[in-house]
Each structure stands twice: as C-alpha cells, then as structure tokens.
Amino acid sequence: MAGRSKLSDIKETASDAVEIMRELGTPGVQETFDKIREVAITAKEIMETMKTPEWQRNMENIRMISENFNQASERMDNTMKELKETGVIDDAKELIKTAKEKVGSFGGSGEGGGSMGMQDLKEMSKAVKEMLESIKGLVDELKVTVAESKRSGTFRSVEETARELSDTVKTVKRDIER
C-alpha cells in the first residue's frame, strides 16, 4: 500500500505541476510577467542613471543648496535676534513716536503744548543718526549674507531685502532733511 500512495502522490504532484505550467502560460500571467520585467528594466535604468557623474553632481548641488539655505536662514535669525536684543527695533519705534510728537509740537499745537526748542531738535537729530547707524549695520550684515548666497546661488531674495532696507534708510534721511 505504501507504494500506491507514493505513486499516487507523485501523480498528483506531477498533475499539479502541469496545471501550474498551464496557468503560467496564460495571457494574463504573461502580461503580468511583462509588466514586472518592464518595471525591473526601468528600475535598473534609474539605478544606472543615479551612478552617473551628472546625477552625483546634481545631488551634491542639492545638498549644498540646502546647506547654504539653512546657513543663510540661521544668519537671518541671528541678525533678527541681535536686533531685538540691542533694542534697535524698539528704539526705532520710540524714535518715530517721539518724532511725531515733536513735529506735532511745532507752533504749540502738539501734546506738550509748547514749541520745540533747539535742544529738542539736537536730541532728535542725534537719535535719528543713531537709528540710521543701527539700520546701516543691519544692511551691512544683510550684504554679507547676500554675498555668500550669491556665491552659492541661493537665497537671492536677501539682496532685494537689503536693497529695500537701503532705500528705506535713504527715504528716512531725505524726509528728515526736509
């Protein structure tokens, strides 16, 4: 009996193998194998492309751009933090408020009710000069950042910001001189 069951097992296994082979030959399975082969070929081409010097340079350039952008962003954060710590922004706000009050006091119509004296003008002039020097320091810091970003080819908008700040300083100077 043991011989029959082994022979029966062999026949059944052979029959299963024939059925599997028949299934593998069907058009649907062949289409699936073709798609798998196409994907494998495409993946191999991508992997070969990734090994080329051009691809490697592009990846290095992307890494450097990202690094430079992070450094420029960090410098901008540090500059803003320094501006806040030095009180330049608060001083500028206070100066603008004081200037408005002083200008309003010309002719006795301001909040103080009196006219603006020569000492007041000297103090205001000194405060404006200090503010402009602080802004000039910020512009210089931004110019350094821009120079480095030009070298790396990133963060071009910093140049526009520096130009706008410089224009603002010139406008404030012109308005004060009038």
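The values are calculated or read from the model by the stated rules, or taken from the named source; none is laboratory data. Just so it is clear, the model here is predicted, and its values are computed rather than measured. Heads up, the Cβs are rebuilt from the backbone with ideal geometry, glycines too, and the neighbour counts pull from every protein chain shown. These accessible areas exclude ligands, DNA and RNA; they are computed on the full protein's heavy atoms, side chains included. Shrake-Rupley method; radii C 1.70, N 1.55, O 1.52, S 1.80 Å.
Conditions tested, residue by residue: (1) touching a helix residue (DSSP H, G or I) at 6+ places or on another chain (Cβ under 7 Å); (2) under 23 Å from GLU148 (Cβ atoms).
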| site | (1), (2) |
| --- | --- |
| THR52 | no, no |
| GLN56 | no, no |
| ASN61 | no, yes |
| ASN68 | yes, yes |
| ARG75 | yes, yes |
| LYS81 | no, yes |
| GLY87 | no, no |
| ASP91 | yes, no |
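Residue selection: VAL128 satisfies the criterion of being assigned to a helix (DSSP H, G or I), at pLDDT 65 or above and open to solvent by less than 40 Å² (accessible area, probe 1.4 Å).
Looking across region 42-89, the residues that are of a type in the set (D, E, K, R) and farther than 30 Å from LYS143 by Cα come down to LYS44, GLU45, GLU48, LYS51, GLU54. Taking helices (runs of 4 or more DSSP H) as the structural unit, those lying wholly within region 1-119 and holding at least 1 residues that are modelled with pLDDT under 85 and more than 30 Å from GLU133 (Cβ to Cβ) correspond to 2-24, 27-50, 53-86. Within region 31-80, the set of residues being without any contact (Cβ under 8 Å) to a residue 12 or more places away in the chain, open to solvent by 80 Å² or more (accessible area, probe 1.4 Å) and touching a Ser or Thr at 6+ places or on another chain (Cβ under 9 Å) comprises TRP55, GLU67.
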